[in-house]
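What follows is a single structure, written as structure tokens, with notes after it.
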Amino acid sequence: MKVLFFPFLVSLFLLGPSLANQSSSETKGASKSKISKRKIQLVILFDTSNSMDGLLEQAKSRLWEIVNETSGLRHSGEIPVFEIAMYDYGNDGISENSNYVRKQLDFTTDLDMVSKKLFGLRTNGGSEFCGAVIEDALTELSWSQDSRDLKMIFIAGNEGFNQGPVDYKQVCNLAQGQNVLVNTIYCGDRNQGIRDLWKDGATCSSGDYFNINSNAEVVFIPTPYDDLINELSTKINHTYISYGASGSARKSLQMEQDVEALSQAPAVANMRAKAKISSNYSNSSWDLVDAYIADPSIIDEIDSNDLSEELKGKSNKEIEIHVKLKIKERKEIKDQIASLSVKREAFIKAEKAKDQSLKKDDFGTAVTKSIKIRASDQGFEVSE
């Protein structure tokens with residue numbers, strides 16, 4: 001132990017007092033913007049009947065773009081809390097007793113878990129009961145009681161909106177009473193969606209109606225920055241220090257969702273990388289770095305049995321210095337990803353200006369468009 005410990009002390013001495021005496025303000029500088037008490041609550045209801053494979057592929061490709069658009073919102077300069085919940089419906093693998101409705105996720109800020117659940121969805125026949133799934137979302141989830149918060153449901157599908165035992169108009173009244181906007185995305189011809197009452201399903205709760213071609217592939221524009229951003233995304237994972245009973249599994253989940261994003265396209269992995277440097281991507285429940293930024297006292301309070309192997313046997317002071325090293329390293333990588341992301345987005349914007357055919361609506365554009373408009377109406381500051 002002495003042989004290992006002496007070089008560690010020497011390294012601390014050589015690094016100088018800048019890390020050992022790093023101020024709490026510098027440490028918390030890893031997350032500069034204050035977190036607001038205001039919330040944005042988003043629920044996505046996916047039709048997982050046989051015809052909806054294209055919809056799921058679009059959602060997988062656009063998840064991180066939706067997260068990034070939402071992460072750009074502010075209220076009085078502060079970052080709102082972003083919560084997502086998810087249901088699927090219209091699947092023969094779901095019990096008829098539950099109206100073929102299944103809750104995948106309660107409201108959560110855990111974006112890796114959202115990704116895992118989305119990538120785990122599978123299509124399988126079924127009867128699509130829109131009124132039933134919306135009713136479950138309204139009555140089962142812990143919605144904010146603050147009328148100033150932005151609360152939105154997005155339901156996507158392609159069958160009659162009035163199917164099933166639950167009257168969608170009564171559900172609309174319930175949504176209005178809770179200040180929840182129900183937004184509908186019909187997968188097919190716009191006029192057919194209107195005939196199938198998808199527009200009425202939105203307007204009766206003051207929500208937005210969209211139609212998309214769910215079988216269209218999402219178009220991505222390659223940029224010179226893609227590979228480097230994805231390399232940095234992998235590199236930033238090494239700044240996470242797992243702790244607690246689920247820490248190791250959660251760190252593995254982080255890497256697994258990187259792989260899932262990359263399996264869609266390098267551009268999707270790029271968008272996930274940008275999401276990973278946002279304040280909405282916080283993992284304080286399993287990452288000691290995020291936990292320390294939120295509350296430095298965790299170093300004194302954590303049980304030694306909950307420490308990862310890299311920290312076992314170290315004193316609290318040694319652990320704190322190690323965590324601060326990771327904070328510094330993470331901030332440097334975040335800054336690089338942020339800078340490259342700006343260049344990447346400028347490149348894409350210029351390419352789209354040259355070719356208008358690259359501007360196509362899909363699941364992601366429908367959701368982000370509605371969020372930005374409604375957030376502005378609700379008093380949130382929307383970035384361009």
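The values are calculated or read from the model by the stated rules, or taken from the named source; none is laboratory data. Everything quoted here is computed from the prediction, not taken from an experiment. Methodologically, a virtual Cβ is constructed for each residue, glycine included, from the backbone with ideal geometry; neighbour enumeration extends over all protein chains shown.
Screening the candidates Ser315, Ser285, Ser278 for the property of being touching a Lys or Arg at 6+ places or on another chain (Cβ under 8 Å), among the polar types (S, T, N, Q) and assigned by TED's automatic domain parsing to the domain that holds Ile236 yields one hit, Ser285. Applying the criterion of being among the small types (Gly, Ala, Ser) and at pLDDT below 90 to the residues of segment 354-384, the residue that is surrounded by the fewest Cβ atoms within 10 Å (Cβ to Cβ) is Ser357. Figure legend. Inter-residue proximity from segment 341-355: first residues in contact (Cβ under 8 Å) with a residue 60 or more places away in the chain, second residues of a type in the set (A, V, I, L, M, F, W, C) and surrounded by 14 or more Cβ atoms within 10 Å (Cβ to Cβ), beta-carbon distance below 7 Å, spacing 6+ or different chains. Indicated pairs: Ser341/Ile229; Arg344/Ile229; Ile348/Ile221; Glu351/Ile221. Filtering Val180, Val166, Val171 for residues that are assigned by TED's automatic domain parsing to the domain that holds Leu56 and in contact with a strand residue (DSSP E or B) (Cβ under 6 Å, 6 or more places away or on another chain) leaves a single hit, Val180.
The rows are residues; the columns are (1) closer than 22 Å to Asn270 by Cβ; (2) without any contact (Cβ under 8 Å) to a residue 12 or more places away in the chain; (3) touching a strand residue (DSSP E or B) at 6+ places or on another chain (Cβ under 7 Å); (4) not in a loop (DSSP other than H, G, I, E, B).
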| residue | (1), (2), (3), (4) |
| --- | --- |
| Ser51 | no, no, no, yes |
| Val67 | yes, no, no, yes |
| Thr70 | yes, no, yes, yes |
| Ala85 | no, no, yes, yes |
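With respect to Lys360, is the statement that it is part of a loop (DSSP other than H, G, I, E, B), over 20 Å from the mean Cα position of the chain (by Cα) and basic (Lys, Arg) true? Judged against the criteria, Lys360 is a match.
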